[in-house]
Structures are given as C-alpha cells and as structure tokens.
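What follows is a single structure, written as structure tokens, with notes after it.
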Amino acid sequence: MINDNNIDFKDLWKKQSVSQPDMSDLLVRLSKFKKTALRCLWLTNIMLLATSAIIIFIWIHFQPQFISTKIGIILIILAMAVYMFVYNKLLNDYKNIDATQTNQEYLQKLILIKKKQQFLQTKMMTFYFIALTLGVCLYMYEYAGRMSVLGASLTYGITLFWMLFNWFYIRPKQAKKQQDKINGLIEKFEEVNHQLEE
C-alpha cells in the first residue's frame, strides 16, 4: 500500500505548466487603441477649427445686424474652443503610451485616460451642448425673424431635433463604445498583472 501522506502539493503546483499571458497580442491592441484615439483627436481638432473658420467667415462676410447673432457666434466658437482645449489635454497621455513601459505603468496610464475621458464625456460634453444649442438659437434668431412663422418653427424645430438626437442617441453610443474599448484593455492588463503576481 502506498503512503499518500508524503505528497508535497506545493512542489507539484510549482511543476505544473502555467500558460504565460500573451503580451504581444495585448500590446498590439494597445497600439491600435493609441492610433485610433490620436486619429480621432486630430480629426476632431480639424473639424472644429474648420467649423470655427467658416463661422468667422460668415460673421465677416454677412455682417449680422442683431447683437443676439453676434453673441450666438461667440458662444458657438467659445463652446468649440473650450471643448478642444480640454480634449487636447489627452494628447500627451496618448503619446506617452510606448513599448518600454511596464504592465503596471500601462494600467495606470489607461486608468488616467479613462478618468479624463469620463470627464470629457460628461461635464465637458454637457457644457459643449448647452453652449452650442444656446449659441445656435441666438444666431438663428435674426434670420428666423425674416421668415414666416411656419418657416421659423420648422427651422428651429429641425435644428433642435438634430441636437437632441445627437445628445440622447449618438453621444451615449460613442461614449459607451470608447468606454468599452478602454475597459477591455484595463481588464486585460489587470488580468496579466494578477497572473504575473502569482
């Protein structure tokens, strides 16, 4: 009869083959995330700058008469400028993700980016949409005054519907998509760190 009392479970546990986490796949996903985020940041900057330039051109070329129109233009440009300023603070965080960092540094950087994205998607986006909506409504007042009641109602109605559609449908969808991407990366790095600690 074999004596089972002398089995060293710690020794057996150490001898078992442990699959190491696939870091190359994770780093490829991280690199893709970085490239996509930088591309979105630059595209947003270009679009907001181009929109601001068009609005300033309209102001100079058409010379609005009402003060409400001028205040509306200023509010629209201010909303875009403040949003761009805050959004561009993520640029250094994205650029500082490189292949020489440790898993813990990747994780800390991703958590920091997630917090900044949440601020951008909540407080800054709220400010942006309120200022933009108010600015557009003030801007349109001068021109809507020249229309019939039906034309002005349709103009305001369609514009406000589009803004509400963006606020309640497109914005949450984009925010969830961004959060899912970064949450997936954070989970993977936490999993790898947990495996390496064992």
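The values are calculated or read from the model by the stated rules, or taken from the named source; none is laboratory data. If you're wondering where the values come from, they're calculated on a predicted model, not measured in any experiment. So basically every Cβ, Gly included, is an ideal-geometry build from the backbone, and we count neighbours across all protein chains shown. Surface areas here come from the heavy atoms of the whole protein model, side chains and all, with no ligands, DNA or RNA. Shrake-Rupley method; radii C 1.70, N 1.55, O 1.52, S 1.80 Å.
Scanning segment 32-82 for residues that are in contact (Cβ under 8 Å) with a residue 12 or more places away in the chain and among the small types (Gly, Ala, Ser) gives 37, 52, 68, 72, 79, 81. In segment 97-118, the residues that are touching a residue at least 12 places away in the same chain (Cβ under 8 Å) reach residues that are in a loop (DSSP other than H, G, I, E, B) and among the charged types (D, E, K, R) with C-beta atoms within less than 8 angstrom, at least six apart or across chains, in these pairs: 116/89. Residue pairs whose Cβ atoms lie under 7 Å apart, separated by 6 or more positions or on different chains, with the first residue in segment 150-164 and closer than 12 Å to residue 136 by Cβ and part of a helix (DSSP H, G or I) and the second open to solvent by less than 60 Å² (accessible area, probe 1.4 Å) and of a type in the set (Ser, Thr, Tyr), are 163/133.
Residues are listed down the side, and each one gets a yes or a no for (1) open to solvent by 50 Å² or more (accessible area, probe 1.4 Å); (2) within 23 Å of residue 176 (Cβ to Cβ):
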residue	(1), (2)
54	yes, no
73	no, no
95	yes, no
98	yes, no
104	yes, no
117	no, yes
121	no, yes
139	yes, no
143	yes, no
